[in-house]
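*Asks:* Sharing a structure with you now.
The values are calculated or read from the model by the stated rules, or taken from the named source; none is laboratory data. Since the structure is predicted, the reported quantities are computational estimates derived from the model, not experimental observations. Reconstructed Cβ throughout: ideal geometry from the backbone, glycine too, with neighbour counts over all protein chains shown. Protein only, heavy atoms only, side chains kept; ligands, DNA and RNA dropped before computing areas. Shrake-Rupley method; radii C 1.70, N 1.55, O 1.52, S 1.80 Å.
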Amino acid sequence: MTSTALPSPAGAVSRLGTEGAFAVLAHARELERRGRDVVHLEIGEPDFRTPEHVADAAFAAIRAGETGYCPAPGLPELREAAAAELSRSRGVPIGPERVLVATGAKPFLFFTVLATCEPGDEVVYPDPGFPIYESAIRFAGATPVPLVLREDDEFAFSAEDLAARVTARTKLVILNSPQNPTGGVLRPQTLAAAADVLRDSGAWVLSDEVYGRLLYEDAFASIATQPGMLERTVVLDSFSKTYAMTGWRCGYAAVPDPLLEPLTRLIINSTSCVPPFVQRAGIAALTGSQDAVAAMLAEFRARRDLVVAGLRALAGISCRVPHGAFYVFPNVAAVPLDADTLAERLLDEAGVAVLSGTAFGAAGRDHLRLSYATSRERLAEGLQRMHAFLDGL
């Protein structure tokens, strides 16, 4: 029987990147299956249980039969609760008609790029930054334009650098605060200066604020609060990190009027809707007790302090104090290994899973990213193993 060559996948798929965290996690799991003990500092997932009252709301909805389709933009009750939370925390009035619900934050990243950009358009995004930004930009056929976050300025950018990257071809600017991977937080004055650059441009703004409740000092600031910016900004939030709900897959965003219909159409074409019982859990998360969130934040702060002190005690490593999220981004330029090799050898030889900063862009070259979303005992063990490995060099 004559064999026939199989057709090739569509070329657009080759433009999609991936997340290094999942590749490293898979390798770490394989080592564990072989009997190795691995300290997981690679994945950004809280090790806490979803608050009980949130889970109970989902169980009650399932028992009540809320297991079918629901409106694609989201349940009215969740849109109302999300609008109230966004209005309270961002300090600007946001009506429920401006809120959409999707299966996590990632759909909004993709859909906002697809709804605003054509091939040849440009998108400014943070570097180092969440790798899905560049992936979505390239998939849409747009041109990614990295905006470097400077370590010597607490991983912020300057208004001058932003202005130099915004051109007539810029259709979208992506901001992220608190940041993945650096833990940096954009100051109100930085956001005000950025607003001055963007207010009269032809660019939309996607403000990724999914770590907005995981803030250790000062109040949260959003570019959407700057005059004239709410009308051009997609304000993105999610339940995953704040409420330890990564597997529930539920996020929400405040969306400018002209983008509501395009984003809703993309939701209908991809996932139809978020399951209603998941949305009931989201309502309970936003409107119920926030004690679990406060407890998680206090524990994350203690872990942050432990990790920063531990990293600063290691030869060749310097580390700035992160002000949000649950990541540290230590500088390893003085270690006699490049960051990629160092990350590989820490996993294979020391049993510590971390990510090279290059997984987050060229500007992450001399860094590692560690997630401290695991217990203090395991963090201490990981730091001890790193100390022994570096001493062995």
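*Asks:* What is the residue count in the stretch 267-294 for residues that are hydrophobic (A, V, I, L, M, F, W, C), touching a residue at least 40 places away in the same chain (Cβ under 8 Å) and surrounded by fewer than 19 Cβ atoms within 10 Å (Cβ to Cβ)?
*Replies:* Counting residues in the stretch 267-294 that are hydrophobic (A, V, I, L, M, F, W, C), touching a residue at least 40 places away in the same chain (Cβ under 8 Å) and surrounded by fewer than 19 Cβ atoms within 10 Å (Cβ to Cβ) gives 2.
*Asks:* Follow-up. Arg304 fails exactly one of the following numbered conditions: (1) among the charged types (D, E, K, R); (2) surrounded by 22 or more Cβ atoms within 10 Å (Cβ to Cβ); (3) under 30 Å from Thr67 (Cα atoms). What is the number of that condition?
*Replies:* Failing condition for Arg304: (3).
*Asks:* Would you confirm whether or not the stretch 88-104 contains a residue that is small (Gly, Ala, Ser), within 23 Å of the chain's Cα centre (by Cα) and part of a helix (DSSP H, G or I)?
*Replies:* yes
*Asks:* Further question on the same structure: Residues that are open to solvent by less than 10 Å² (accessible area, probe 1.4 Å), in a loop (DSSP other than H, G, I, E, B) and either out of contact with any Cys (no Cβ under 6 Å at 6 or more places or on another chain) or free of Cβ contacts under 8 Å to residues at least 24 places away in the same chain (or both): does the stretch 341-352 have at least one?
*Replies:* The answer is yes; a qualifying residue exists.
*Asks:* How many of the residues making up the stretch 359-375 are under 22 Å from Val335 (Cβ atoms) and either surrounded by fewer than 21 Cβ atoms within 10 Å (Cβ to Cβ) or modelled with pLDDT under 95 (or both)?
*Replies:* Qualifying residue count, the stretch 359-375: 3.
*Asks:* Report every pair of residues separated by at least 6 positions or lying on different chains whose Cβ atoms are under 9 Å apart, first residue within the stretch 82-99 and farther than 18 Å from Val210 by Cα and of a type in the set (D, E, K, R), second open to solvent by less than 20 Å² (accessible area, probe 1.4 Å) and assigned to a helix (DSSP H, G or I).
*Replies:* Glu97/Ala83
*Asks:* Next question. Name every residue in the stretch 376-393 that is open to solvent by less than 60 Å² (accessible area, probe 1.4 Å) and either of a type in the set (A, V, I, L, M, F, W, C) or in contact with a helix residue (DSSP H, G or I) (Cβ under 8 Å, 6 or more places away or on another chain) (or both), in order of residue number.
*Replies:* Leu379, Ala380, Leu383, Arg385, Met386, Phe389, Leu390
*Asks:* So which pairs qualify, if the first residue must be in the stretch 135-160 and under 16 Å from Phe329 (Cα atoms) and open to solvent by 30 Å² or more (accessible area, probe 1.4 Å), the second must be assigned to a helix (DSSP H, G or I) and of a type in the set (A, V, I, L, M, F, W, C), the Cβ gap must be under 6 Å, and the two must be at least 6 apart or on different chains?
*Replies:* Sorted first by the residue in the stretch 135-160, then by its partner, the pairs are Val148/Ala363.
*Asks:* Counting only residues that are out of contact with any helix residue (DSSP H, G or I) (no Cβ under 6 Å at 6 or more places or on another chain) and either modelled with pLDDT under 95 or outside any loop (DSSP other than H, G, I, E, B) (or both), how many does the stretch 148-168 have?
*Replies:* Summing the residues that are out of contact with any helix residue (DSSP H, G or I) (no Cβ under 6 Å at 6 or more places or on another chain) and either modelled with pLDDT under 95 or outside any loop (DSSP other than H, G, I, E, B) (or both) in the stretch 148-168 gives 8.
*Asks:* Tell me yes or no: at least one residue of the stretch 290-306 is part of a helix (DSSP H, G or I) and in contact with a Ser or Thr (Cβ under 7 Å, 6 or more places away or on another chain).
*Replies:* Scanning the stretch 290-306, I find at least one residue that is part of a helix (DSSP H, G or I) and in contact with a Ser or Thr (Cβ under 7 Å, 6 or more places away or on another chain), so the answer is yes.
*Asks:* Where residues in the stretch 329-340 are without any contact (Cβ under 8 Å) to a residue 40 or more places away in the chain, among the hydrophobic types (A, V, I, L, M, F, W, C) and part of a loop (DSSP other than H, G, I, E, B), which of them is most open to solvent (accessible area, probe 1.4 Å)?
*Replies:* Ala334
*Asks:* In the stretch 362-393, what residues are without any contact (Cβ under 8 Å) to a residue 40 or more places away in the chain and farther than 22 Å from Glu151 by Cβ?
*Replies:* Listed by number, the residues that qualify are Glu377, Gln384, Ala388, Gly392.
*Asks:* Follow-up. Can Ala61 be described as over 25 Å from the mean Cα position of the chain (by Cα) and open to solvent by less than 20 Å² (accessible area, probe 1.4 Å)? Spell out the reasoning first.
*Replies:* Details: over 25 Å from the mean Cα position of the chain (by Cα): yes; open to solvent by less than 20 Å² (accessible area, probe 1.4 Å): yes.
Considered against the rule, which asks whether it is over 25 Å from the mean Cα position of the chain (by Cα) and open to solvent by less than 20 Å² (accessible area, probe 1.4 Å), Ala61 comes out as yes.
*Asks:* From the list Gly44, Gly20, Gly11, which residue is under 20 Å from the mean Cα position of the chain (by Cα), open to solvent by less than 80 Å² (accessible area, probe 1.4 Å) and more than 30 Å from Ser289 (Cβ to Cβ)? Explain how you work it out, then say what you get.
*Replies:* On the way: Gly44 fails: more than 30 Å from Ser289 (Cβ to Cβ); Gly11 fails: under 20 Å from the mean Cα position of the chain (by Cα).
The unique qualifying residue is Gly20.
*Asks:* Any residue that is under 19 Å from the mean Cα position of the chain (by Cα) and open to solvent by 50 Å² or more (accessible area, probe 1.4 Å) - is there at least one of those in the stretch 187-194?
*Replies:* For the stretch 187-194, residues under 19 Å from the mean Cα position of the chain (by Cα) and open to solvent by 50 Å² or more (accessible area, probe 1.4 Å): present.
*Asks:* Moving to a separate point now. Look through the stretch 211-228, keep the residues that are open to solvent by 50 Å² or more (accessible area, probe 1.4 Å) and at pLDDT 95 or above, and return whichever of them is farthest from Gly129 (Cα to Cα).
*Replies:* In this case the residue turns out to be Pro227.
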